[in-house]
1. Could you identify the single residue in Gly39, Gly46 that is loosely packed, with under 14 Cβ neighbours inside 10 Å and either closer than 21 Å to Leu127 by Cβ or modelled with pLDDT of 95 or more (or both)?
2. Out of the residues in the stretch 230-251 that are part of a loop (DSSP other than H, G, I, E, B) and in contact (Cβ under 8 Å) with a residue 24 or more places away in the chain, which is surrounded by the fewest Cβ atoms within 10 Å (Cβ to Cβ)?
3. Would you please name the residue that is nearest to the chain's Cα centre (by Cα), looking only at residues in the stretch 110-144 that are surrounded by fewer than 17 Cβ atoms within 10 Å (Cβ to Cβ) and under 14 Å from Gln52 (Cβ atoms)?
4. Please determine, by comparing only the residues of the stretch 108-146 that are in a helix (DSSP H, G or I) and among the small types (Gly, Ala, Ser), which one is farthest from Asn88 (Cα to Cα).
5. Report the residue count in the stretch 104-120 for those that are touching a strand residue (DSSP E or B) at 6+ places or on another chain (Cβ under 8 Å) and either farther than 15 Å from Glu214 by Cβ or at pLDDT below 95 (or both).
6. Could you go through the stretch 194-206 and let me know if any residue there is touching a Pro at 6+ places or on another chain (Cβ under 6 Å), touching a residue at least 60 places away in the same chain (Cβ under 8 Å) and β-branched (Val, Ile, Thr).
7. Tell me whether the stretch 152-159 contains one or more residues that are modelled with pLDDT under 95, in contact with a strand residue (DSSP E or B) (Cβ under 8 Å, 6 or more places away or on another chain) and aromatic (Phe, Trp, Tyr).
8. Can you name the residue in the stretch 82-92 that is crowded, with 18+ Cβ neighbours inside 10 Å and of a type in the set (A, V, I, L, M) and, of all such residues, is nearest to Ile135 (Cα to Cα)?
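The values are calculated or read from the model by the stated rules, or taken from the named source; none is laboratory data. Because the structure is a prediction, the values reported are computed rather than measured. Here the Cβ is made from the backbone with ideal geometry for all residues, glycine too, and neighbour counts use every protein chain on show.
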Amino acid sequence: MAMATTMARRSWPSSASCRATKATAARPSKRPSSASRPGRISPPAGPTAWNQLLIVASWRSPHLWPELIDRYLITAQRSAIRPLIAVNKIDLADGPEEVEETVAPYRALGYAVLLTSASSGQGVDTLRGQLAGQITALAGLSGVGKSTLLNAVDPGFDLRTGRTNEAKGQGRHTTTQAVMLPLRGGGYVIDTPGIREFGLVGLRRGQLAGFYPEIVAHAARCRFADCSHESEPGCAVREAVEAGAISAMRFDSFLKIRDSLPA
């Protein structure tokens, strides 16, 4: 039986693209800082000051990137903070069914997933409620609409926004320096140019499966204790993927992330 991961691999961006994005975004910006604008203060350093990580992805323009979402979920887990996934620009989807099918694996694992559209207002009130009283850091690829979404949550933020490059499906970084934005309903949002290290520093290949609870649930039945879940006979994890018990999309991300880690 053909592996179910074939379907999941066909449209997701590559790990090389992820590394290129990371390297490009890490270059220092020469634009003037926006930290001096009224109502904004310098944010505390590091994830120890946050209690929530808002992972913003877009359905299209740029397309949803499951591997990047998983990297941020690992970041949140390693930092012991709550992750919240917002799939933005859902007004660009052909229908709600395809969106629900894609986010179902995350919801099945207990992750909070919001479907939002800054242009139509869908999900904005729910997101506003999730942010109230929390110290939330933003994470997401440029162009997914982080600043536009925050402007919808609180128009007083008046954050700069930029258009997505239609040819490359990527946006320009319109946030150039981290600032802490006070929410009218209480709490703060840390608007950043991006969390560039993805929380994987120091992580080894053999440790990665521990951040995928669905893999942990099946790995104990693998024939070999050190099974890599890639080509070994008797791999219960791959059998679960083929049976649909493990999301092919998530398993594909697992393999890509593992390949990027040191042994």
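1. Gly39
2. Gly244
3. Checking each candidate, the answer is Ala112.
4. Ala108
5. Of the residues in the stretch 104-120, the ones touching a strand residue (DSSP E or B) at 6+ places or on another chain (Cβ under 8 Å) are 106-107, 111-118.
When the remaining residues are screened for being either farther than 15 Å from Glu214 by Cβ or at pLDDT below 95 (or both), the result is 112-118.
Count: 7.
6. No, there is no match, as no residue in the stretch 194-206 is touching a Pro at 6+ places or on another chain (Cβ under 6 Å), touching a residue at least 60 places away in the same chain (Cβ under 8 Å) and β-branched (Val, Ile, Thr).
7. Yes; the residues of the stretch 152-159 include at least one that is modelled with pLDDT under 95, in contact with a strand residue (DSSP E or B) (Cβ under 8 Å, 6 or more places away or on another chain) and aromatic (Phe, Trp, Tyr).
8. Leu84
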